[in-house]
Structure formats: structure tokens, C-alpha cells
Amino acid sequence: MSRKYDFTAIEKKWQSYWDEHHTFKVGEDYSKPKFYALVEFPYPSGQGLHIGHPRPYTAMDIVSRKRRLEGYNVLFPMGWDAFGLPTENYAIKNKIHPALVTEKNVQHFKDQLKMLGLSFDWDREINTTDPDYYKWTQWIFLQMFKKGLAYKKEMAVNWCTSCKVVLANEEVVGGCCERCGGEVVRKVKSQWMLKITEYAQRLLDDLSEVNYLDKIKLTQKNWIGRSTGAEVDFTSTLGDKLTVYTTRPDTLFGATYMVIAPEHPLIEKWADKLENMDDIKAYQEMAARKSDFDRTEMNKDKTGVELKGVRAINPVNGREIPIFISDYVLMTYGTGAIMAVPAHDTRDYEFAKVFNLPIIEVVKGGDIEKEAFTDCATGIMTNSGFLDGLSVEEAKVKIKEWLTENGKGHEKVNYKLRDWVFSRQRYWGEPIPIVYCEKCGYVGLPESELPLTLPDVESYMPTDNGESPLSTLDSFINTTCPHCGGPAKRETDTMPQWAGSSWYFLRYCDPHNKDAVASKEALDYWMPVDWYNGGMEHTTLHLLYSRFWHKFLYDIGVVSQKEPYMKRTSHGMILGEDGQKMSKSRGNVINPDEVVKEYGADTLRLYEMFIGDFEKTAPWSPSSIKGCKRFLDRVWSLQDSVIDGDEYREAFTPSFHKTIKKVSEDIESLKFNTAIAAMMALVNDIYADGKINKAEYRTLLILLNPFAPHMTEEAFELMGFGILNEQPWPKYDEALCVEDSVEIVVQVNGRIKTKMSIAVDSDKEKVLEMALGDPKVKEAVDGKSVVKQIYVPNKLVNFVVK
RNA sequence: GCGGGUGUGGUGAAAUUGGCAGACACGCAAGAUUUAGGUUCUUGUGCCGUAAGGUGUGCAGGUUCAAGUCCUGUCACCCGCACCA
């Protein structure tokens, strides 16, 4: 009788073994084939590990463990994305230094991750808040500054009234702060910006070189938002050039008015010539007061004010049209001015209806009495002078030619992507390594002065005027200009949390390097990341930002690949039992510690992989986890039924080869749930037989090992098989996956009449004859004529009768 | 509004190229072992029907010998974006 499956003792034993033997320490043998598996490093929050964390970690752990047995040199690292607001807020509230809070949280997280038996190489652990790490975050920023990609700009930013911090557009959700839910308003501040827009086209083009899920590529594409159109130069009756951007230059003859953004600089210039300046000012103020969210809320009814005293002249036909300001036109996109073609644009149509403006049809096919005809790719031009009779596509080409020839405009590509607001008025982030000198302007710190470490301050509270807590620290601020040696002031803003995570995958390649981001040798060997799995919520920003940084580092010769990640997949969230997102307020939070205590880490791992399609969200089910525990118990108990045998028994040969194939392939395609199901089915067959031989048990334990590493190691050792982790991954033979006979279905007119067992790959004639001999088939065919006979080899027979 | 996704038993879910719908698991029912069981083992389990049989993948059509899968229309829910000219 085997010992009881004491998972607590077994898991503790093997975790210590792995620790002591540095089992998962990455080899330095750069001649071996490599595999770099990456999971998103967590933010070490005070709550500890969430039940959702193990899902992606276990998934990539399974892939990594399999790859090791397959002979690869596997890099599977872990670290901490530890700068950020919750830690800072906790520090403020409890008057503890954020570094101490971070240290405590990291320790807790690490203990929890170890408890799960994840095969991370802990010798390569990194932490974004470690000065040895953020030295290089600052270094990369400096290189960008040198190349003109980091610049300072006065701009209206999203201001969280509660966190008192500037947020990126991406961090504003529904007009509220993504983190705290506080109100977000617009505020003009001088900010550090990163010129990601300069990389827009390459970020788009190089998507063709990587293996991301289609939906991930699509989000990247949509976020970059490339559109092709034309800039058209109108002139005002006051003599200014008034350039608009349009994707529909073909509809130029249908422009019946122009709209410019309320912030448009020409308004200031025209001020003394405008007859209704009071109305205009009032509208501008109203628009400025609104946050972006409010502006969006208002979008049912178009509002605006006509600029009285000035009109725009359409270059193509000399027609004078009125100019309006309206907040539906954004200063930040295109030229901040549009030509309005109400007949063929929904927004212009709505606006024209409100202000009773003319609507001229220039593409035939719609009913412009009812609505704007926008979906008119196949339409024919009308009321458009020399464009009449052309298709929309032809007209686009012809009008662009006309504009270029006549010096009235040109083709133009625009992107929705904006430059990245990189400043945060916070303490717990990387200091920006820049000083301001009255004489020299903004000057980067010499690299020898990096890292610029965070000074200790009394209070981490942001100041009321929205400046960083660092701004209260004279000893930090006052310095000398590295350029002229005169007095200068340090930048007091810090970097956003995205900074540290934009290059962390490079640091893992060579985490202790003092002289570089990582050695060239290590980078050339390990990069690119072979497989990166993370949450869908990071597929827009983190992915885009880190691709951008990586491309920049490629440009300055730090890395040798254009793209950082060869493959990117995403996992679904684990929801509460009620199908809702887990949260304290809903009271549906599951604590991984308790699950491990009750069922063991192996069961938790197995269950999180078995719960459903890896890419989809899945509700937690406390009763289903029992099935996984039961399965592990059954595999464990097989120790009592082991008989001798160096090869699979004949009756089980196809089952084992098929299962090896299924598990091997399913792991690669993230179908962990069906891989587990296949192993369960195999174990059920073995139970039905009552016995398992040594060769079979050995294979079963290795197959299950990536999923349940502790139990399988222990059973392996107890069986005298050695150390499982040192064995090769089992092989299968395609030819041996096939059974001798197969059951096929016999249908008449598509209805199942019977099933019969035939030899694999029997010939058609024989099978048809056999099928016709079946009494049920005979009865159904009797008195009718067979018009057609269909035979799908090894699957089914279908007689079509009349 | 735009983009993406999902809809299959009492529950979580499976289902290469169209080819036995419901694998695997939970739950439930019956039985066996056990002093006991939130243990273990065996059997059964989509729905209607005693059965033969019928019926069944959100809904309505279509293509096909054959549709969860392909096509057309439609409904519901979830996620992302939100006036990007």
C-alpha cells in the first residue's frame, strides 16, 4: 500500500529541493537552443496574490517545463513592477517609506509564487524600483532625450483631482481615473512627452513580422489608427490659408461649411474683425471647462457658433462658405479644421440639420433627405464639376492630382496615436534625469551620474498646486548645470509606471550587468522573447509602449531585433463564483493561500488550467476543483497497481501514443483543458483495466508533470524512476496512434441507422456491402432505390434513397 | 455609433477539412466497500417517451447526402473605443 498523498509535505519537499539545487537556474551554455518564455511581472500590491495570477503563470510554467524536458535552455524569469500609486498611497496613509512597503509586499508575493511551484529562475529576479534597475530606465530616457524623442510641452492634460496626478489618455476611463475612480479634469501643464508618433508607421508595419493573436494585432492597429486622406488649403476672406484634413477629398464639391476647433489659433488672430466675439468667447470657455468625458456625453446634440465676419473659400470652385466653431472638431487631430460635407458624413449632417445649412449630394446612391450617405464606396460622383461620372475611388485619385498640380493641397496620412505624456507629479517613480538651466535650457544628466536616486522626503503627499513631492526638497532641486556649471534646477516630475515595464524583458537576459542594459552577447542569444503571455488589458498600451522602446533601442544599436516579442497570447480573467469580476466590495474574492492549504498547489494549478478555454474568462467554481483533486488522487493511487513492463502493453499502445500526441500539441496551442481531459480519459481506461505497468506509469507521470510538478516528482521518485525533471519528454509515433478497428456510423438519408466496427482503412465496396447487410439499414432501404452512396473513410457511410 | 467577442445539458465546458453533438469534469440518482464519511469504487444521467421512436447547439431562413461548424437576416449579453474628419 502506497503512502497517503500528503500534498502539503510533498510540495514543501520539492520546493526546497528545487531551491537548494537551483534546478531552474538558466544555463550559460549559449550554444544550446534557447527558449524565452515571458509572463507579465506583477505589481506587488498589499493584497497579495490574486487567484487570477496563477492562470497565466502556470500556463507558461507548463510550456517552460515541457521545453526543458525537450532539451531547450529555458529562460523563464520573474520580477516586480513595483513603482506605482497604491504603494505610495499606502505609504502616505501609514507614514511608511514606500520602499519598505514594496519590500514587504514583494516578499509576500514571492512566498506565494514559490508556494505554487512555478519554475522561475529566482537568480534573475528584477525590481523596477531598485536603483540598479532604474539606472537603465533613466539611461534609456536620456538616449531618447538626446535623439529629440523626449521633449517638454505645455499642454492640456488629464488631471485626476483625487490622486493629484497627470494621467495618460489611456488611464482615463469614462471620465474617471482608472485607478481611484476620481474625477478627471483638463489642466494645462508643462509635461515631458515621448514622441511615439514618430514610430507610428513602423509600429504598424512590423506587426506583419510577429505572431500575435489576430485580435491583439487589431487592437494595436486600431490604436495607431492610420488613415489616408488629403490636406486641402482653403483660404479665408481675410486672406489666411486655412488647411483642413479630410479622408474624403472626393467630396470637396459638397463642402457647404467649415468647422474649426474652439481652440483654433486663427480665432485669436481674427478677433477684432469678428462681429460676434462675445458669443465665440462664451462658447470657447464652455468647451474649455468641459473634460473630454463631458464633451463626449454631449455628443447627441451638436453645438457651435458661426464666426460672423469671415468666410472660407473652397479652392475647387471658389464658393464662399460659412465657418463655425464646434467642439466636435478636435484641435489635437489633423489640422484642427474640417470641411463639412453634410451629405456624406453623419456628424456634419447632424450639425447641418441643427444650423439649417445646405446639404449638397455629390455621390449618387443614397437618400440625403433622410440621412448622410456615408457607405458609398461604389457610388458615382455628381454635382462635382470635372469629377462627375467617376467612381469614388477614381475621384479620390483625380482630386488629389488636381490639388497637387494647383498647389491647393496634397495627399496626407494621419494617425490617431498621440505622443506619450511621460510626466507624473508623484514621488514613487523614477526621477527624470534632467536639469533646467536658465542659460542652457533642459540638459540631460551625464550618464556617469546615473542612477539619479529618489531622495528621502518627509511627506510623499503631492502638493496642492499639483507639483511633485520632490519639488519641496531644496537639496534635491538645486544643482549645477552639467553643461555650463551654473546654477540649475532638477526636474521634479517622475516617470509613469509604464516606464519600467517597457524594457524589463531585456534586463532578464543579464540582470546583474553594471555597465549596460544587458550584455550584447546575452541580448543576441535570448532575444527576441519567444512567447509572451499576458492579459488582454495590456495588449494596447504596455505592448505598444514596449515595442516603441525596443524599436528605439534597435535604432541606437542596443538590440539586434526590430520586434521584442515573437509571439503574444492572452489569457481570460478568473471571475467570482457569481460570474462577476472578483472584488472586495462584491465579497466574491477567493484567496489562493486557502485553496492551496485545502487542496494543494498541484490541484490549484491543474484546476486553473482545466477551468475552461484559456483565452476566455471563467467563473471560479469551488465544487469543480474537487474533480481535479480526485484525479491527482487517482494518479497517485496507481502506485499500488503497477506491474512490471518496459514497454506499453499492446492494448494500451495506441492510447499512450495518442495521449502523448494530444498533450504535446495541446500545450503548444494553449488548450490545457483538453490536454488534461485526455489524461483523465486515459486514467479512466487504466482504472477499468485495473493495472498499469512501469513504462506506462512513467510516461503518465512525465506528461502530467508540467501541470502537477510536485506530486509527479514524488511518485516518480517513490517508483525508483529517478528525478523526473531530468528525463526527456515522451515521444510518440504517429503510426502507433491508430487503432486496428474503428467504429463507423451508417446513415440512410442522413439519419443514423446503426453503427458498426470495421478494420481501419477498409475498402469502400466491402464497407458498403457490410452496411447494406444490416437489418435496420435493409429495412430503411427496402423498396426504394439508392441514388447515392457516400463513404467517408473510417467515419461514416450514408445511403441516399428515394 | 464603430470595432472585437460570446450564445451548446441542472453546472464548467468539448467537438481538424462540414461527417456519431455533449469528450472531460462538477452535480444528481442507484448500488458496493467502510464503525462513519464532504472517502473510495461501479453503473446511469441532454430533453420528451415505459418503449419503439422523436427531438435538440439564442431565433428565422438558406446551401448540402450531411450544418454547432458555411451563407443571409435577426435577437440578447459581454469587452474595448468613443465626435479621429
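The values are calculated or read from the model by the stated rules, or taken from the named source; none is laboratory data. This one's a predicted model, so the numbers in the text were calculated from it and none came from an experiment. With ideal geometry, Cβ positions are generated from the backbone for all residues, glycine too; neighbour counts draw on all protein chains shown. With ligands, DNA and RNA removed, areas are computed over all heavy atoms of the protein, side chains included. Shrake-Rupley method; radii C 1.70, N 1.55, O 1.52, S 1.80 Å.
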Going down the table (A:Lys93/A:Lys135; A:Lys215/A:Lys567; A:Lys13/A:Lys34), which pairs top 18 Å between alpha carbons?
A:Lys93/A:Lys135; A:Lys13/A:Lys34
Can you compute the charge dipole magnitude of chain A about its Cα centre, using +1 on each Lys and Arg Cβ and -1 on each Asp and Glu Cβ, nothing else charged? Give it in debye, rounded to the nearest 20.
760
State the percent of C-alpha pairs, over all pairs in region A:399-453, separated by a distance greater than 17 angstrom.
67
Which whole-angstrom value gives the distance between the alpha carbon centres of region A:211-282 and region A:93-119?
50
Estimated FRET transfer efficiency (A:Glu769, A:Asn749; beta-carbon r; R0 25 Å; 0.05)
0.85
In whole angstrom, the spacing between the Cα centers of region A:338-382 and region A:667-721 equals 66
Limiting things to C-alpha atoms, what are the Rg and the maximum Cα-Cα separation (Dmax) for region A:557-601, in angstroms?
18.5, 52
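Want the number for A:Ser31 to A:Cys440: 0.36 nm per residue separation, take away the alpha-carbon distance, what's left? Mind dumping the intermediate values first?
Details: separation 409, 0.36 × 409 = 147.24 nm, distance 4.98 nm.
Gain in length upon complete extension: 142.3 nm.
Write down the percent of antiparallel bridges among all DSSP beta bridges whose residues are both part of chain A, to the nearest 5. Each step should come with its number before you reach the end.
Working: 72 of 98 bridges.
Bridges in chain A are about 75 percent antiparallel.
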Where in region A:319-421 are there GluC sites (Glu not before Pro) that are in a DSSP coil and have at most 15 other Cβ atoms within 10 angstrom of their Cβ?
A:Glu369, A:Glu371
Points 7 angstrom from Cα along the Cβ direction at A:Asp782 and A:Val413: gap in nanometres?
7.4
Carbon plus sulfur fraction of accessible area for chain A, probe 1.4 Å, in percent
49
If I stretch the segment between A:Tyr554 and A:Asp646 completely, what's the gain in nm (0.36 nm per residue apart, minus their alpha carbon distance), one decimal?
27.8 nm
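Which FRET efficiency value, to the nearest 0.05, do you get for A:Lys562 and A:Thr247 by plugging their Cβ-Cβ distance into 1/(1 + (r/R0)^6) with R0 = 35 Å? Don't skip to the answer; put the middle values down first.
On the way: r = 29 Å, r/R0 = 0.83.
Rounded to the nearest 0.05, the efficiency is 0.75.
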Could you tell me, in Å, what Rg and Dmax come out for the Cα atoms of region A:664-802?
22.0, 68
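State the percent of C-alpha pairs, over all pairs in region A:95-170, separated by a distance greater than 14 angstrom. Show your work: numbers first, answer last.
On the way: 2232 of 2850 pairs.
Tail fraction, whole percent: 78.
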Kindly provide log₁₀ I(q)/I(0) values, in the same order as q = 0.05, 0.07, 0.11 Å⁻¹, from the Debye equation applied to equal alpha-carbon scatterers of chain A.
-0.40, -0.73, -1.23
Too long for a 23 Å Cα-Cα cut-off, among A:Lys95/A:Lys164; A:Lys195/A:Lys396; A:Lys32/A:Lys520; A:Lys221/A:Lys562; A:Lys353/A:Lys396, are A:Lys195/A:Lys396; A:Lys353/A:Lys396
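Return the ratio Rg/(2.2 N^0.38 Å) for region A:304-378, where Rg is computed over Cα atoms only.
Numbers: Rg = 13.0 Å, N = 75, 2.2 N^0.38 = 11.3 Å.
Compactness ratio reported: 1.15.
Could you state the orientation-averaged shadow area of the convex hull built on the Cα atoms of region A:221-355, in nm² to one decimal?
Values: hull surface 32.9 nm².
Projected over every direction and averaged, the Cα hull of region A:221-355 covers 8.2 nm².
Taking the solvent-accessible surface of protein heavy atoms with a 1.4 Å probe, what is the per residue accessible area of region A:658-785 in Å²? Mind showing how you got there, number by number?
On the way: 6080 Å² over 128 residues.
Normalised by residue count, the accessible surface of region A:658-785 is 48 Å².
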Residue among A:Leu113, A:Phe721, A:Val745 farthest towards the positive dipole end of chain A, charges placed on Cβ
A:Val745
Report D for region A:442-595 in µm² per second (integer): Stokes-Einstein, Kirkwood Rh on Cα pairs, 10 °C, 1.306 mPa s.
81
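Go ahead and run the numbers for FRET between A:Ser475 and A:Ser585, Cβ-Cβ distance against an R0 of 35 Å, rounding to 0.05. Kindly include the intermediate steps, with their values, before the conclusion.
Values: r = 43 Å, r/R0 = 1.22.
With a Förster radius of 35 Å, E is 0.25.
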Over region A:472-559, what per residue volume does the convex hull of the Cα atoms give, in whole Å³?
154
Under 13 Å between alpha carbons, and skipping anything fewer than 8 positions from A:Lys4 in its own chain: which aspartates and glutamates qualify?
A:Asp633, A:Asp640, A:Glu714
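What's the long-distance tail for region A:40-90, i.e. % of Cα pairs beyond 14 Å?
Details: 784 of 1275 pairs.
Value for region A:40-90: 61 percent of Cα pairs lie more than 14 Å apart.
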Whole-Å distance, taken between Cα centres, linking region A:7-27 and region A:523-563
31
Computed over the Cα atoms of region A:380-482, the Rg and Dmax in Å are 26.9, 74
Points 7 angstrom from Cα along the Cβ direction at A:Asp111 and A:Glu668: gap in nanometres?
4.1
Measure off 7 Å from each Cα along the Cα-to-Cβ vector at A:Val760 and A:Thr463, then give the distance between these two points in nanometres to one decimal.
7.8
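Pulled fully out, how much extra length does the chain show between A:Arg630 and A:Glu268, if you take 0.36 nm times their separation in residues and subtract their Cα-Cα distance? Spell out each step's value before the answer.
On the way: separation 362, 0.36 × 362 = 130.32 nm, distance 7.56 nm.
That works out to 122.8 nm of additional length.
To the nearest 20 Debye, how big is the dipole of region A:13-124 about its Cα centre, given +1 on the beta carbon of each Lys and Arg and -1 on that of each Asp and Glu?
Working: 15 positive and 13 negative charges, 47 e Å.
Computed about the Cα centre, the dipole is about 220 debye.
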Please report, in cubic angstrom per residue, the volume enclosed by the convex hull of the alpha-carbon atoms of region A:357-429.
215
With DSSP loop assignment and no more than 12 other C-beta atoms within 10 Å, the trypsin sites (Lys or Arg not before Pro) in region A:333-392 are A:Lys370
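Dividing the alpha-carbon Rg of region A:583-724 by 2.2 N^0.38 Å yields what?
Numbers: Rg = 16.1 Å, N = 142, 2.2 N^0.38 = 14.5 Å.
Normalised Cα radius of gyration, region A:583-724: 1.11.
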Expressed to two decimals, region A:491-539 has a Cα Rg over Rh, using the Kirkwood radius, of 1.06
Karplus 3J(HN,Hα) series, Hz, for region A:138-155 with 6.51 cos²θ - 1.76 cosθ + 1.60 (x for Gly, Pro)
5, 4, 5, 4, 4, 5, 5, 4, 4, 8, x, 8, 10, 9, 9, 8, 6, 7
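Looking at region A:530-606, which GluC sites (Glu not before Pro) are in a loop (DSSP not H, G, I, E or B) and have at most 14 other Cβ atoms within 10 Å?
On the way: sites: A:Glu537, A:Glu577, A:Glu594, A:Glu598; in loops: A:Glu577.
For GluC sites (Glu not before Pro) across region A:530-606 that sit outside H, G, I, E and B with at most 14 neighbouring Cβ atoms in 10 Å, the list reads A:Glu577.
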Would you kindly work out the equivalent ellipsoid of region A:303-460 from its C-alpha gyration tensor and give its semi-axes, the square roots of five times the eigenvalues, largest first in whole Å?
49, 20, 17
